[in-house]
Structures are given as structure tokens and as C-alpha cells.
């Protein structure tokens, strides 16, 4: 999920305009101020103020009096921004996707804090060192235009057909979490890095070109400007409410079965956070039963808590989307260790 870093306008007086913050200089933040700054990958805030973040932040402010200042960008972008600001920390909470949450941890950006309710989150969805915890579960996926394509694609190889020339686009690996997920999934499905990069090199003849924003691909698919793009289940399902031509699918290698892997929104307390106490309160709040029960109904995602079994209409629809899809679990430490090599390999293979 990637979008250029930008401030988000106030929604109903609740979300405060997030001003650009420089990495050096400026007045020291008041630790007692009733504010908390969140740097987040996009996807959880609704375009019309109807997303999970919108509801959770509004309820949080109502209960605590603490305003949420929100800045969003691509998963890699927000980590790099936090790195640049390390000498003068501006963010209190960082929310991003794997492997960028692991990257943030490795760069020393996160402090140890286990939010209340973290004991109900699966071990695979949180740090063993309590530096981050998933707050919304999600899965990597692709989308297609249901009006332009009579049937959904099923395999990676189909996208190499000449009929898809100029009709395929995926977000930039290394910048967007979902774009990075394309490389990770291809490596899994094709059985290794070299085979995956060879495929992505071939796909370039049909690919429109890089996009720093995954979320902006959905409107292009819905309008028929392109027919296939990458995304993730939570974001694309939420977008489909206002984009009726979106269909979600999971590529398979020819002869294989469709696959995906968990791609959760993981949240951590930023080290030297200007408003540490407020950050801890927000992290606790996002994992409350009330907030987690709204993940599917409002956000179109999957609760991070294993003790919550959603039964709302969205939860049932999401279960249907996931039916028959094989879920694999990447070795995130290994991916973090080799991420630069994967991204460099992708750039070399595709000429990007």
C-alpha cells in the first residue's frame, strides 16, 4: 500500500491536519500535549472518512481527549522518513507492513512495548521482543476488472499474453509494501529468486510501469484503464464498495494452486517518541475488543486477535474470497536480511 507521504485533512474535526515535520530543528515537543502522531502505510483510512482508522481514531479521541495527527505513505517511505528523523523523532506510532516493520526494528526505530491484548495475537503476527504487534491482519492479492474480463485470470502466465499489453501494472517493490509482496509471492510460486525474476522480466512487455501507490491502481482497474493490478485483500475489498468493477484474485503458477501470504498492518512504539504515554494508549486502544470487532465490518480486514471470530456480512464475504487459496508463511527475518538483494535483482531484471 503506497501513497506519497502527505498530510491528511481533518475528518469531522477528529483527525488533525498532519503537518510536514522536518528531520532537524524545530521546537521540542511537549510530552504532556494531548496529541499522538501516527506514521502509517495507507489502506486503513477511508477515502470518505469511513475507514477503520477513521472510526478508531474518533472513538479514541472521544474517550481520551487525545488528538491523532496522521501521516501516511508507502511502507518503505514511512520507514525511511522515520530514519531521517531519528535525531529529532517526530512520530509516536509507526504502522507498516512486513518486511518493513522488521526493517524498522532492525534500524533501531522501535521501542519495546506489548499493548494490552497482545497476548491474544498469534506469535507469527508479533515480535518476540515486543517491538511490534499486528493490529489488522491482511493478505497479499491481485485485482482485475470484472467488466472488461469475462472471467478472472488464474495464472501468472496468462498475464504474459499479448492481450494484456499495457493493461497490467503493479506497485514498486522496495517502495510499496504490496509491490514488495509481488516479488515475495513470485519467488514462492516459481520456486526461487531467479525463476521469479525471469518471469517479472518477461512481464515488463505488458507492464504499464512502476507506481509508488498501490491504492491508486484500483481506480484505474475499476475504470478499465488497466485490467489487472496488484493489491491486498483488505484494501481492495474496502475499495470495491465504491468501485463495483473490482474483482480480487490470487495468481497461481500454471499447474499449481492460487496462493497468498499474511501481510498484516503491524504497529510499534517509536523509540524516543515525543508523546510516549499517548502512543501506548493508542496501541492499547487499537487492540481492544471493540476496535478489533470493527476490523471486518468497517475496515474490510481480518482481526489481529485470535479470540475474535467475526460473523458480519463482510467477514462472510472475505471468507468466501479466501476459499481454496493456499496460505504460506514467509520467513520474514530471511527476507529482511536479503531484501536489498531482491530489490536490486528486480531492478536489474526489469530495467527499473
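The values are calculated or read from the model by the stated rules, or taken from the named source; none is laboratory data. Small disclaimer: the values here were computed from a predicted structure and weren't measured. Glycine gets a Cβ as well: all are built from the backbone with ideal geometry, and neighbour counts include every protein chain shown.
Please verify whether residue 251 is farther than 18 Å from residue 100 by Cβ and surrounded by 17 or more Cβ atoms within 10 Å (Cβ to Cβ), treating the condition exactly as stated. Even if it seems obvious, please write down each step before you answer.
Numbers: farther than 18 Å from residue 100 by Cβ: yes; surrounded by 17 or more Cβ atoms within 10 Å (Cβ to Cβ): yes.
Judged against the criteria, residue 251 is a match.
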Task: Selection within segment 251-265 - over 17 Å from the mean Cα position of the chain (by Cα), on the phi < 0 side of the Ramachandran plot and in a loop (DSSP other than H, G, I, E, B) - done: 251, 253, 254, 256, 257, 258
Open item on the list: Restricting to segment 319-350, give me the number of residues that are touching a residue at least 12 places away in the same chain (Cβ under 8 Å) and within 30 Å of residue 297 (Cα to Cα).
Closed with: 10
Open item on the list: Looking at residue 117 and the list (1) in the same structural domain as residue 268 (by TED's automatic domain parsing); (2) surrounded by 15 or more Cβ atoms within 10 Å (Cβ to Cβ); (3) in contact (Cβ under 8 Å) with a residue 60 or more places away in the chain; (4) closer than 21 Å to residue 106 by Cβ, which single condition is not satisfied?
Closed with: (4)
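If we scan segment 65-74, do we find a residue that is without any contact (Cβ under 8 Å) to a residue 40 or more places away in the chain, over 19 Å from residue 215 (Cα atoms) and outside the structural domain of residue 333 (by TED's automatic domain parsing)?
Within segment 65-74, the first condition is being without any contact (Cβ under 8 Å) to a residue 40 or more places away in the chain, and the residues that meet it are 65.
Adding the requirement that they be over 19 Å from residue 215 (Cα atoms) leaves 65.
After this cut, where a residue has to be outside the structural domain of residue 333 (by TED's automatic domain parsing) as well, the list is 65.
So far as segment 65-74 goes, yes, one or more of its residues are without any contact (Cβ under 8 Å) to a residue 40 or more places away in the chain, over 19 Å from residue 215 (Cα atoms) and outside the structural domain of residue 333 (by TED's automatic domain parsing).
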Task: So residue 293, is it within 22 Å of the chain's Cα centre (by Cα) and closer than 27 Å to residue 170 by Cβ - done: no
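Tell me yes or no: at least one residue of segment 94-102 is more than 22 Å from residue 302 (Cβ to Cβ) and either assigned to a strand (DSSP E or B) or at pLDDT 95 or above (or both). Quick ask: steps written out before the conclusion?
Applying the first criterion (more than 22 Å from residue 302 (Cβ to Cβ)) to segment 94-102 yields none.
So far as segment 94-102 goes, no, none of its residues is more than 22 Å from residue 302 (Cβ to Cβ) and either assigned to a strand (DSSP E or B) or at pLDDT 95 or above (or both).
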Open item on the list: Give me the helices (runs of 4 or more DSSP H) completely within segment 127-241, filtered to those with at least 3 residues that are under 27 Å from residue 50 (Cβ atoms), ordered by residue number.
Closed with: 177-190, 217-223, 233-239
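Suppose we filter segment 81-93 for residues that are in a helix (DSSP H, G or I), surrounded by fewer than 22 Cβ atoms within 10 Å (Cβ to Cβ) and in contact with a strand residue (DSSP E or B) (Cβ under 9 Å, 6 or more places away or on another chain); how many remain? Can you show your working first?
Quick first cut of segment 81-93, residues in a helix (DSSP H, G or I) only: 81-84, 86-88.
With the extra rule that they be surrounded by fewer than 22 Cβ atoms within 10 Å (Cβ to Cβ), the set shrinks to 81, 83-84, 86-88.
Next, only the ones that are in contact with a strand residue (DSSP E or B) (Cβ under 9 Å, 6 or more places away or on another chain) stay: 81.
Residues that pass the stated criteria total 1.
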- [ ] Show the residue pairs that are 6+ apart or on different chains and have beta-carbon atoms under 7 Å apart, the first residue being within segment 124-153 and within 22 Å of residue 106 (Cβ to Cβ), the second being surrounded by fewer than 16 Cβ atoms within 10 Å (Cβ to Cβ).
- [x] 124/329; 129/112; 130/112; 131/112
Task: Yes/no for residue 309 being over 14 Å from the mean Cα position of the chain (by Cα) and modelled with pLDDT under 95 - done: yes
TODO: Of the numbered conditions (1) under 28 Å from residue 181 (Cβ atoms); (2) in contact with a helix residue (DSSP H, G or I) (Cβ under 6 Å, 6 or more places away or on another chain); (3) surrounded by 23 or more Cβ atoms within 10 Å (Cβ to Cβ); (4) modelled with pLDDT of 80 or more, residue 60 fails exactly one; give the number of that condition.
DONE: (1)
Open item on the list: Out of 226, 298, I need the residue that is assigned by TED's automatic domain parsing to the domain that holds residue 120, buried (at least 17 other Cβ atoms within 10 Å of the Cβ) and in contact with a helix residue (DSSP H, G or I) (Cβ under 8 Å, 6 or more places away or on another chain). Which one?
Closed with: 298
